[in-house]
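Novice: The structure that follows is given in the form of structure tokens.
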Amino acid sequence: MDYSISNDINDINKRLLDEGVSFENKTILVTGGTGFLGSWVCDVLVKQKANCICLDNYASGSKDNIIHLINKNNFRFIYHDISKPIYFGISSHPNGICLSNIKKIDIVMHMASRASPFEFKDFPISILKSNTLGTMNALGIAKTHNALFFYTSTSEVYGDPPDDAIPTPESYFGHVNPVGPRSCYDESKRAGEAFIKAYELQHNLETKIVRIFNTSGPRIRYGPEFGRVVPNFIYQAINDLDITVFGDGSQTRSFLYVSDQIEGILKMVYNDNAIGEVINIGNDKEYTILELANVIIELTNSNSKVIFKGLPIDDPKRRSADIKKARNILNWEPKTPLKEGLKKTIQWFREQHKGN
Ligand code: UDP
């Protein structure tokens, strides 16, 4: 089976249009637009004939994810770190950027942040800045343009919930270590949400917060120093390397395929009933990490064997999304079964790593 991202993009576009979701002629600024999820959003927006402005500094994104969009007349790339200043006057500061040549932005989607636990030890300050200063700067753009503000938050704001908060609803306040190895991400996403509520309250900005649960698929980054569990296991399996399960593998996650995530995000951006809301987009089917390892070994016909390594500090024991709100407000639910999403991701991986 050959895998093609454009088939998935066409499928997302069809699912959106079937429900009347169109961003044609809207001007949408996407921070983090060269990243895994951001670049899928840019692809769909360009397909839908929106004017897509992608702002990124390639911190965890890649030019490869957007290179095919660069010459489109409804796509524009701005190289900038969103946590650095943005000016709207006629001149800008050497560290900042001037956006006064953009007449009207309708929607700001703030998606920029590193998200892999492997990176929390090496880039804690830049992660904190993306979600605090970056969120404030992105909110400033939305305020200047009176634009809708959309923020990609995370299931990490829930930290390590107890069993009676699994699946986790949006109303759960969280159980987060403020000084642990994950706090740069968890707490900055929580602060980002607080910034948004402050701008909503003080400036009457229209805002929406999505809390994204584990999502994987083509374009997810792989690297021993920044890989998430799905790309790590796939890479190990297709190369017959040991599969590194952390702890005893009994911790759970719920995995969503990227197309389902992008459909959920864009439905939420579009839907007026989501204004002022926080909505989980994720899966409610839980798998242990050991189960995931075995499914990936099976799907890749791998000779890899599972080895067990130390469990990272504060690694959440269970994670599953309560998606009642997404079902009710957005008429959204996951469509791609785990194995189908993994098969596509494996195929994409094989194409990327040919000869490696
Ligand atoms: N994990 C693992 N082996 C790896 C990478 C991750 O066992 O090579 C585990 C990790 O400890 C966690 C789960 O897989 O329990 C999901 O990790 P990931 O980094 O994908 O993201 P998280 O859900 O923790 O943010």
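The values are calculated or read from the model by the stated rules, or taken from the named source; none is laboratory data. Predicted model only: the values in this text are computed from it and were never measured. Don't worry about glycine lacking a Cβ; one is built from the backbone with ideal geometry, like all the others, and counts go over all protein chains shown. Side chains are part of the model used for accessible areas, which takes the heavy atoms of the whole protein and leaves out ligands, DNA and RNA. Shrake-Rupley method; radii C 1.70, N 1.55, O 1.52, S 1.80 Å.
Novice: Filter the trypsin sites (Lys or Arg not before Pro) in region 88-196 to those in DSSP coil with at most 13 other Cβ atoms within 10 Å of their Cβ, and list the result.
Specialist: On the way: sites: 103, 104, 114, 121, 129, 143, 182, 189, 190; in loops: 103, 104, 114, 121, 182.
Counting only loop positions with at most 13 other Cβ atoms within 10 Å, the trypsin sites (Lys or Arg not before Pro) in region 88-196 are 103, 104, 121.
Novice: Let me ask you something else. Considering only protein heavy atoms and a 1.4 Å probe, what is the carbon-and-sulfur percentage of the accessible area of the chain?
Specialist: Numbers: 7780 of 15430 Å².
Using a 1.4 Å probe with all protein chains present, the chain comes out at 50 percent carbon and sulfur.
Novice: While we're here: Would region 36-105 count as rounded, prolate or oblate if I go by the C-alpha gyration tensor, calling it rounded below 1.5 in a/c and otherwise prolate when a/b exceeds b/c, oblate otherwise? Working shown, then result.
Specialist: Working: a/c = 2.49, a/b = 1.45, b/c = 1.72.
Cα axes put region 36-105 in the oblate bin.
Novice: What percent do you get for the relative contact order of the chain when only Cα pairs under 8 Å and 6+ apart count? Could you put the intermediate results ahead of the total?
Specialist: On the way: 697 pairs, mean separation 59.9, N = 356.
The normalised contact order for the chain reaches 17 percent.
Novice: Rounded, prolate or oblate, given the Cα gyration tensor of region 48-147, with a/c below 1.5 counting as rounded?
Specialist: Values: a/c = 1.81, a/b = 1.22, b/c = 1.48.
Verdict is oblate for region 48-147.
Novice: Then there's this: What is region 229-290 by shape, rounded, prolate or oblate, if you read a ≥ b ≥ c off the alpha carbon gyration tensor as root eigenvalues and call it rounded for a/c under 1.5, prolate for a/b larger than b/c, and oblate otherwise? Numbers along the way, then the final one.
Specialist: Details: a/c = 4.51, a/b = 2.29, b/c = 1.97.
Prolate is the answer for region 229-290, as a/c is 1.5 or above and a/b outweighs b/c.
Novice: Let me ask something additional. Net charge near residue 337: determine it from the other residues with C-beta under 12 Å of the C-beta of residue 337, scoring Lys and Arg +1 and Asp and Glu -1. Could the numbers behind the result be given before it?
Specialist: Working: positive: 285, 335, 339, 343, 344; negative: 260, 340.
So the environment of residue 337 carries a net charge of +3.
Novice: Related question: For region 141-236, which GluC sites (Glu not before Pro) are in a loop by DSSP, counting at most 15 other Cβ atoms within 10 Å? Could you put the intermediate results ahead of the total?
Specialist: On the way: sites: 156, 170, 187, 193, 200, 206, 225; in loops: 170, 206, 225.
Passing both the DSSP loop test and the Cβ count: 225.
Novice: Starting from the Cα gyration tensor of the chain, multiply each eigenvalue by 5, take the square root, and state the resulting semi-axes largest first in whole Å. All intermediate terms of the calculation are to be shown ahead of the outcome.
Specialist: Working: eigenvalues 195, 104, 82 Å².
The equivalent ellipsoid of the chain has semi-axes of 31, 23, 20 Å.
Novice: What whole number of Å gives the distance from the Cα centroid of region 211-233 to the Cα centroid of region 1-50?
Specialist: Between the Cα centre of region 1-50 and that of region 211-233, the gap is 20 Å.
Novice: Another one. Given the whole protein assembly as supplied and a 1.4 Å probe, what does the accessible area of residue 179 come to in Å², nearest 10?
Specialist: 130
Novice: Considering only protein heavy atoms, with the full assembly of protein chains and a 1.4 angstrom probe, order 171, 100 by accessible area, largest first.
Specialist: Values: 171 90, 100 60 Å².
Most to least solvent-accessible, the answer reads 171, 100.
Novice: Which angle from 0 to 90°, rounded to the nearest 10, does the C-alpha axis of helix 338-352 make with the longest principal axis of the chain?
Specialist: 80
Novice: Setting aside same-chain residues fewer than 8 positions from residue 343, which aspartates and glutamates have a Cα under 14 Å from its Cα?
Specialist: Hits, sequence-local ones excluded: 2, 8, 298, 351.
Novice: Starting at 0 and stepping by 10 Å, how many percent of the alpha carbon pairs of region 232-356 end up in each bin?
Specialist: Calculated P(r), rounded to whole percents: 13, 35, 31, 17, 4, 0.
Novice: So how compact is region 104-242: Cα radius of gyration and Dmax in angstrom?
Specialist: 16.6, 55
Novice: While we're looking at this one, here's another question. Just from the alpha-carbon atoms, what are the Rg and Dmax of region 162-216 in angstroms?
Specialist: 13.3, 38
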